[in-house]
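**Student:** I'd like to ask you about the structure that follows.
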Amino acid sequence: MKEKTTQKKSTIKNKLLKTTISVLTISLLLVGVVSICFTINSTQNSLKQTMSETVKIASLEIQKELKGYESLIYEISGNTVFSSSAANEAKIMQECENIEKRHGFIKVRVANASGMMKGDVISIKEEEYFKAVKNGQKIYISDPVIDKERNLAYIIYSAPVYKDSEFYGALYVEVDASFLSNTVSEICIGSGDAFILNSKGTVIGNKDKQLVLNQYNVQEEVNKDKSLKKLAQLEKNMINGKTDFSEYSHKGEGKYIAYLPIPGTNGWSMNMSITKNEFLKGTYISIGCIAGIACLFIIISIFYMRKIAISISEPIIKCIKRIELLAEGDIHSPVPQIEANDETEILADSMNRLIDDFKKVVGDISYILGEMSNGNFKVESQEEDSYLGDFEDIKHSMKKLKTALIETLLKIRDVANQVSFDSSQMAESAQGLAQGATDQAKAVEKLQVTINDVTDQTLKSADVAVEAYQEAESVNEVVNASREKLSKMSKAMEEINQTSQKIGNIIASIEDIASQTNLLALNAAIEAARAGEAGKGFAVVAEEIRKLAEQSAKAAVDTTQLIESSMDEVARGNEITQETVNSLKQVISGVNTVLQSVNGVQETAIRQAKAMKQVDEGVEKISGVVQNNSATAQETSSTSQELSAQAAVLDELVEKFEL
């Protein structure tokens, strides 16, 4: 729990402070941005209106000035001196000088109808201003003309001179164009610029008169200074006679500009620009003030919010520490006392009640489990009313646990009694099983002795069969010798008769041995079946012995029949000796058959002897199994007695509990 507490990434105090700062900052930023946007927008609209009005007023002033010169010059063109035939050139020049002095014109001249300028003796008939008035134009006003020699700019006014309503000549007046620069100098706002452009974009009026004299043109300068690109685009709108309020940037400095065409001119436009920073200086100060007030408000809010956060977080931290102690198993430490008249005080009171109830429940559980550990299962709860809500499930679970333990102990006692009774019976059964196994071992030993006797008899039968075979060979030799010694046939026949009788006795013995072997094999199969899984191999051996016994009996029967047939033949041989010679070959054939039969008896006897050895080995294995069964039965009996003793001990342990 301590590790988890130290790993906390945030606290209520920090969350409140972060939330307050975030909300205040965002709110103030939104309010400030909206206020600034409204302020800037309002100021821009105000500036737009002011600049537009100012430009309009300046434009009207220029128009008024131009109209004043226009009216004056048109009035001067009606001077009778200029249309009088009696006026000579000197008089006309004198009148022109008087007009120059009186009205402040740079130059006043009069040209005749042919375009010859009086006083200067030059022809102006090809000049545009002469052609215009000659063709009926009331007054002509030119763009400012730059005189590099005199370092000034002037405007040419031309008006027709009529005599008797006919074109008599043209009045030529040069008006100083500095009034244009003077007018725009008077309407400048702050350090902004006001200027007048002609239809070609050339500056014809500016507070910096040198620009006018140098015929400064942005459309030409933009190729050298790319920062003038935006201004050049705006001046194209001015040249095209548009009215607008816009902004542009020149050399990283933002500016506002207002422009409109000057009525009554040949594409002139009045323009006024002001630097953004200069104009928005007050707005920036307002923004700074708003930001300062916002920061001050945030600091004050943080101070009071921190006090509020501490008043909330400190009681909660105390409660958390007490909860951590409770999680570590401490139910005795005191609960912090909080007097805040808010939810934190309610939290502390609730925790106090919780720990008191928890202490009662834990103490009652400890008491019940302690009594049960001492063997007292009759114990009852001392705090029944304290198990409320989910604690009631604990009470029911403890009751179920006690009931289950009582039932389990009762069952253990019953099982112990039953185990004691069953172990006694099992011990008695194991003793009987051990006695039976001992008896089986003795029977197997007797069977093994019998099998050894049968094996000896079988070996003797084999020896007799060998002797019979040798005797049969002798008979064969006698029969062969009878070809030359017919006179000895009778004696030989008697010997054959005697030998046949002996063979019959031997065959009878063989039949007896075979019968006993068959009986022994049957008994061995029965004992093997009783031995169970360990006697399966011995059962196979017993079956093979039985088969060999049956084969021996059959061979003995066949041999007996042959011997009897031979004896009959010998008897008849005594009667029909003469026929012996004719039947000699048949006799020899019969003797050979006897030889083969005796040989078969010999081989059968040998196989029987080997089989009996295998039977003897199987019986020895059965004897070992029976002895193991006897030992196991003894061990089982001992185990049963020990189990009975342990059951008695278990019963004594269960009796210690109060159920």
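The values are calculated or read from the model by the stated rules, or taken from the named source; none is laboratory data. Predicted model, so just to flag it, every value in this text is computed and none were measured. FYI the Cβ positions are ideal-geometry reconstructions off the backbone, even for glycines, and counts take in every protein chain you see. Protein only, heavy atoms only, side chains kept; ligands, DNA and RNA dropped before computing areas. Shrake-Rupley method; radii C 1.70, N 1.55, O 1.52, S 1.80 Å.
**Student:** Roughly speaking, what is the centre-to-centre gap between region 130-194 and region 386-419 when only Cα atoms are used, to the nearest Å?
**Tutor:** 124
**Student:** Mind grabbing the accessible area of SER350 for me, 1.4 Å probe, Å², rounded to tens?
**Tutor:** Surface accessible to solvent at SER350 totals approximately 40 Å².
**Student:** Longer than 30 Å from Cα to Cα, which of LYS318/LYS400; LYS48/LYS107; LYS200/LYS226 are they? Say none if no pair is. Write out the running numbers ahead of the final one.
**Tutor:** On the way: LYS318/LYS400 38 Å; LYS48/LYS107 40 Å; LYS200/LYS226 19 Å.
Table pairs above 30 Å Cα-Cα are LYS318/LYS400; LYS48/LYS107.
**Student:** Got a sec? What order do SER366, SER386, SER35 fall in by accessible area at 1.4 Å, biggest, i.e. largest, first?
**Tutor:** The residues order as SER366, SER35, SER386, largest area first.
**Student:** Can you bin region 61-101 into rounded, prolate or oblate? Criterion: square roots of the alpha carbon gyration tensor eigenvalues sorted a ≥ b ≥ c, rounded for a/c under 1.5, prolate for a/b above b/c, oblate for the rest.
**Tutor:** In terms of gyration-tensor shape, oblate.
**Student:** Between region 300-352 and region 19-78, what is the separation of their alpha carbon centroids in Å?
**Tutor:** 62
**Student:** Here is a follow-up. Calculate, axis by axis, the spread of Cα positions in region 288-383 along the three principal axes, and write the results as whole Å, longest axis first.
**Tutor:** Computed over the Cα atoms, the extents are 84, 23, 15 Å.
**Student:** Now for a different question. Which of the lysines could a cross-linker span from LYS307 if the Cα-Cα distance has to be under 16 Å and same-chain partners fewer than 8 positions apart are dropped?
**Tutor:** By straight Cα distance, LYS307 reaches LYS13, LYS15, LYS18.
**Student:** Then there is this: What ranking, highest mean first, results for peptides 370-382, 171-183 when packing means the other Cβ atoms within 10 Å averaged over each residue? Can you show the working numbers first?
**Tutor:** Details: 370-382: 13.1, 171-183: 21.1.
With the highest mean Cβ count within 10 Å placed first, the list reads 171-183, 370-382.
**Student:** Expressed in nm to one decimal, what extension gain is obtained for the pair ALA529 and GLU339 from 0.36 nm per residue of sequence separation less their Cα-Cα distance?
**Tutor:** Working: separation 190, 0.36 × 190 = 68.40 nm, distance 9.56 nm.
Gain in length upon complete extension: 58.8 nm.
**Student:** To the nearest 0.05, how large is the calculated FRET efficiency for ALA90 and ASN151 if R₀ is 25 Å and r is the Cβ-Cβ distance? Don't jump to the answer; show the numbers that get you there.
**Tutor:** Values: r = 30 Å, r/R0 = 1.22.
Efficiency, rounded to the nearest 0.05: 0.25.
**Student:** Tell me the accessible surface of LEU47 in square angstrom (1.4 angstrom probe, heavy atoms of protein chains only), to the nearest ten.
**Tutor:** Roughly 10 Å² of LEU47 is accessible to a 1.4 Å probe.
**Student:** Next question, about the same structure. Just how much of LYS395 is accessible, in Å², when a 1.4 Å probe is used and the result is rounded to the nearest 10?
**Tutor:** 30
**Student:** Equivalent-ellipsoid semi-axes (√(5λ), Cα gyration tensor) for region 76-219, whole Å, largest first? Mind showing how you got there, number by number?
**Tutor:** Values: eigenvalues 213, 48, 34 Å².
Calculated on Cα positions only, the semi-axes equal 33, 16, 13 Å.
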